[in-house]
Amino acid sequence: MTQDIFWNFSAGPSVLPKAVLQQAAEEMINWHSSGQSVMEMSHRGAEFVQIYEQAAADLRTLIQAPEDYEVLFMQGGATAQNAVVPLNLIALKDAHKADYVVTGNWSKKSYHEAQRYGQIHLAASNMTEQVIDEHHYAPATWIPEFETWQLDPEASYLHFCSNETIGGLEIATLPDLDALGAPSTELVVDVSSHFLSRQFDVQKCGLLYAGAQKNAGPAGVTIVVVRKDLLGKAADICPSAFNYANVAQAHSSFNTPPTYAIYIAGLVYRWLLNEGGIAVIEQRNKRKAELLYQTIDASDFYHNPVQRRYRSRMNVPFTLADESLNEAFLKQAKQAGLLNLKGHKSVGGMRASIYNAMPLEGVQALVDFMQEFERRHG
Ligand SMILES: *Cc1c(COP(=O)(O)O)cnc(C)c1O
């Protein structure tokens, strides 16, 4: 292939900063003259403990985690958290209830999994009950307004997903649970695909979690940020390795943690701090998303169905008016170095994920290609 510049729009695992990959390559065989690769180190040795402590401290700085919050590096992905959250938190109140908001594929999965562990109430949704019960998913274009969320004051927590990676829907602010009549309910948020992409008020949440492979590192490590006073109420059947209290007490080494994934995630946090932190990266993400959505909206050839105020800055699905051109689009995009643009099977068309590590230059290359493709085929 003659193409030598590539832009990776994968939804996850996804693009990492070039500088991070370069540093990892340089340090691969002999980390900081230790004579070992990070992959070969004991997770209890001084070298890895230093790597872990730095990664955790940098992450805390980035998200401005208050003192009374734990930052945990776990395994099992965001999918495991669908069970781990209720196992740890459903008994915060005696009723063993929780509220769930379903706005897309991911929160729907969370809602279904939680039902094995307590009395789960659907607080709001943009889908019919029939669609929620079925396996398939109809792409949604909107999010139910906070005022319509029907909360049970006896619920231990309220779960929602703040960025639906497949539908391309983002909830940019957090609901006020006092105003919704549930002042003692904890907010639990799946932030997987926009974690570290925008400023976020950790303090309003009891817990948030993210699989790292979208925007916060490689696959294999899952970030959990949880307020300390919520620990210690796990159900008896909760696996020890998934009990937040155990993981917190052991500084994420209750058992062998995913050491190499934590190391790479740590390099990503360092890179983010060097770039100027979340506020700076958020402005960049805003410009990138605006450029892409403006291109889509300015044409009849491309279409994004999501109402503007709910559009995700991270995941941008779009369809071609003439679907028979999908394959040609993907093939020519690949030849132009634009990778992994195929949409999720439940939505069809294309999806461009433009996470932190995707520079404006990459989005510009995509937009230039889209306009050129439209000129040739429109
Ligand atoms: C990818 C994703 C998940 C699933 O993550 P795994 O790490 O594969 O378990 C859950 N929620 C959201 C919002 C996601 O984007």
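Each value in this text was obtained by applying a stated rule to the coordinates, not by laboratory testing. Values in this document were obtained by computation on a predicted structure and should not be read as measured data. Because the Cβ atoms are built from the backbone with ideal geometry, glycine has one as well, and the counts that use them run over all protein chains shown.
Things worth noting here:
- Built amide H within the under 5 Å cut-off of F301, gap 5+: none
- Taking other C-beta atoms within 10 Å as the exposure proxy, T61, T295, T173 rank T173, T61, T295 from fewest upward.
- Phi-derived couplings, Karplus 6.51 cos²θ - 1.76 cosθ + 1.60 at θ = phi - 60°, listed residue by residue for the stretch 254-259: 4, 10, 4, x, x, 4 Hz, with x used for Gly and Pro.
- Across the stretch 150-163, computed HN-Hα scalar couplings (Karplus, 6.51 cos²θ - 1.76 cosθ + 1.60, θ = phi - 60°) run 9, 9, 8, x, 8, 5, 5, 8, 10, 10, 8, 10, 8, 8 Hz from first to last residue, x flagging Gly and Pro.
- Based on the reciprocal of the average 1/r between different C-alpha atoms, the Kirkwood radius for the chain equals 21.6 Å.
- Cleavage-rule hits, GluC sites (Glu not before Pro), the stretch 28-112, DSSP coil, Cβ neighbours within 10 Å at most 11: E67
- DSSP finds beta bridges in the chain, and of those with both partners inside it, around 50 percent are antiparallel.
- Mean residue ellipticity at 222 nm, helices only, the chain: -10500 deg cm²/dmol; runs of at least 4 DSSP H residues each add -39,500 (n - 2.57), and the sum is divided by the number of residues.
- Percentage relative contact order, the stretch 76-188, counting C-alpha pairs under 8 Å, at least six apart: 29
- Under a 5 Å amide H cut-off, with hydrogens placed 1.01 Å from N, F318 pairs with M350, R351, A352 among residues at least 5 apart or on other chains.
- Loop-located chymotrypsin sites (Phe, Trp or Tyr not before Pro) across the stretch 1-51 with a Cβ neighbour count of 16 or fewer within 10 Å are F6, with loop assigned by DSSP.
- Exposure rule at most 11 other beta-carbon atoms within 10 Å, DSSP loop trypsin sites (Lys or Arg not before Pro): the chain longest free segment: 117-344
- Loop-resident GluC sites (Glu not before Pro) (DSSP state other than H, G, I, E or B) in the stretch 99-167 with no more than 15 further Cβ atoms inside 10 Å of their Cβ: E134, E145.
- Proximal charge balance of E374 [Cβ under 14 Å; K/R count +1, D/E count -1]: -3
- In order along the stretch 19-33, the Karplus-derived 3J(HN,Hα) couplings, from 6.51 cos²θ - 1.76 cosθ + 1.60 at θ = phi - 60°, round to 4, 5, 5, 5, 5, 4, 5, 5, 9, 4, 8, 9, 6, 6, 6 Hz, and Gly and Pro are given as x.
- Taking the convex hull of Cα positions in the stretch 302-353, its mean projected area over all directions (nm²): 3.8
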